[in-house]
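The values are calculated or read from the model by the stated rules, or taken from the named source; none is laboratory data. Since the structure is predicted, the reported quantities are computational estimates derived from the model, not experimental observations. All Cβ positions, even for glycine, are placed from backbone atoms using ideal geometry, and neighbour counts span all protein chains on display.
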Amino acid sequence: MQENFSLKPYNTFGVEAKARYFTEINTIDELKEALIFSKARSLQLLFLGGGSNILLTKDFDGLAIRLNLKGISEESINENEVLVTAKAGENWHEFVMYCLQKNFGGLENLSLIPGNVGTSPMQNIGAYGTEIKDIFVSCKVLDLENLELTTFNLEQCRFGYRDSIFKQEGKGRYVILEVTFKLTKKDHSIKTEYGAIKSELENLGIKTPTIQDISKAVINIRQSKLPDPKEIGNAGSFFKNPTIPLIQFEDLKQKFENIQGYPNGDMVKVPAGWLIEQCGWKGKQIGNVASHKLQSLVIINATGNATGKEIFDFSTEIINSVKEKFGIELEREVNII
Ligand SMILES: Cc1cc2nc3c(=O)[nH]c(=O)nc-3n(C[C@H](O)[C@H](O)[C@H](O)COP(=O)(O)OP(=O)(O)OC[C@H]3O[C@@H](n4cnc5c(N)ncnc54)[C@H](O)[C@@H]3O)c2cc1C
C-alpha cells in the first residue's frame, strides 16, 4: 500500500494526479485484503487497467487498485470452436496476438486496442466491424456489495455501442476478474468490409487474407492514423458517435448537405469526428491541449504538460460548439474521474 502515489504513469493521457492510496493486486485474496483496507477507512475505490480510457481531472482521495491478475486458459468445445479465458490484467493486444499465434479467430479486427482484457466488457470495445459482444461468452466478477463471485453471460452484460451494464446500473459495483471468449479454430469468419481494411490488404498484395493478415492490416491502419499514447498522451476517441432521430438528421441534411449518417431503424448514427471537424477543431490547440491533426475525435496532451482539468475544459468547449452548430449533444466516451 503506497500513499500519495503519482498516477501519471498509469494513465495514457499522461496527466499528473495523486492517489491517496495505491496498490497493485496479483490475486483475488490480495484484492479482498485491499477491499478490507478501504472499508475500514471508508475510502472510495478506483480500479485501474491500462489507464487508456480515463481522464484524471484531480487527485483521487481514495484507494486506486491496479488489477494485475494474469493467466490465459483454453477449453476446446469441438473441432472448430474453443473457449479462451483471460484474467483481467492481461494486456488486450498481447492477448489478441496470443490467440492469433494459436490460429484462434474472432479477435483479429480488435488488434492494437490499448488496455487490458478485464476492461474490455466495460464499453464493449469495438473496431473495424467487430465488438467484443460478437465473441463474448461470459465474465467472472466480484460483487463489491457482498464480496461474492458471480458470472455474467452475454445477455446479462447488456452490451450496446461503447456501453454495458458495467457503465450503467452496475457502475462501481462489480470488478471484472476474467473474461471468456468463444473463438474459431479453422472456419474463421473473415471481416474485411469495414474501414480501410480492403485497400490495406491490396497494398499488402493479399488476395485471400488469413486472420493474421487482417490483424496486420488493422495494425497498419491504426498506426497510420492514431497517435501512439507512448509518444503523445491521449485516450483514443474522446467522444461517442451520437445517434439522433431520422427526422432531426433530415433537417440537418437540408442545412449541411455533406453531413454523413448511418441509419439504424428510425435513428441515425453521425460520425462525431466530422461534426467536430466542421466546427474548426481539427488540429486546433489551446494551451497544452489539442485536437489531433489527423483525427479530430482524439484529444491529445499536446505539450505533455496538460492537466486533466485543462483536457476536460477543452472537451467541454468542443461539446458546446457542436451543440451550437448542429444542436447535437456529444457524449464523452472517456471515463471522467
Ligand atoms: C490510442 C487509443 C486507441 C483506442 N482505440 C479504441 C478502439 O478502437 N475501440 C475501443 O473500444 N476503445 C479504444 N480505446 C479506448 C481503450 O483502449 C479501451 O476502452 C480499453 O478497453 C480501456 O482499457 P484499460 O484497461 O486501459 O481501461 P482503464 O482506463 O484502466 O479503465 C477504464 C474504466 O474501467 C474501469 N475498470 C478498469 N478495469 C476494470 C475491471 N477489471 N473491472 C471493473 N472496472 C474496471 C476503470 O475504473 C475506468 O472507469 C483506445 C484508446 C487509445 C489510447
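When 257, 277, 250 are checked against the criterion of being acidic (Asp, Glu) and within 28 Å of residue 232 (Cβ to Cβ), 277 stands alone in meeting it. Picking from residues in the stretch 263-289 that are among the small types (Gly, Ala, Ser) and within 15 Å of the ligand (Cβ to nearest atom), the one that is surrounded by the fewest Cβ atoms within 10 Å (Cβ to Cβ) is 273. Tallying residues that are more than 28 Å from residue 125 (Cβ to Cβ) and touching a residue at least 12 places away in the same chain (Cβ under 8 Å) within the stretch 1-40 yields 8. Output yes when any residue across the stretch 258-266 is under 18 Å from residue 13 (Cβ atoms), under 22 Å from the mean Cα position of the chain (by Cα) and at pLDDT below 95, and no when none is. Checking the stretch 258-266: not a single residue is under 18 Å from residue 13 (Cβ atoms), under 22 Å from the mean Cα position of the chain (by Cα) and at pLDDT below 95. For the stretch 1-38, what are the residues that are assigned to a loop (DSSP other than H, G, I, E, B) and either touching a helix residue (DSSP H, G or I) at 6+ places or on another chain (Cβ under 7 Å) or assigned by TED's automatic domain parsing to the domain that holds residue 141 (or both)? Of everything in the stretch 1-38, those that are assigned to a loop (DSSP other than H, G, I, E, B) and either touching a helix residue (DSSP H, G or I) at 6+ places or on another chain (Cβ under 7 Å) or assigned by TED's automatic domain parsing to the domain that holds residue 141 (or both) turn out to be 1, 13, 14, 15, 16, 17.
Against the conditions (1) within 14 Å of the ligand (Cβ to nearest atom); (2) part of a helix (DSSP H, G or I), residue 140 satisfies every one except (2).
Here is a yes/no grid of residues against (1) over 17 Å from residue 25 (Cβ atoms); (2) surrounded by fewer than 17 Cβ atoms within 10 Å (Cβ to Cβ); (3) in contact with a helix residue (DSSP H, G or I) (Cβ under 8 Å, 6 or more places away or on another chain); (4) modelled with pLDDT of 95 or more:
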| site | (1), (2), (3), (4) |
| --- | --- |
| 40 | no, yes, no, yes |
| 101 | yes, yes, no, yes |
| 138 | yes, no, yes, yes |
| 143 | no, yes, no, yes |
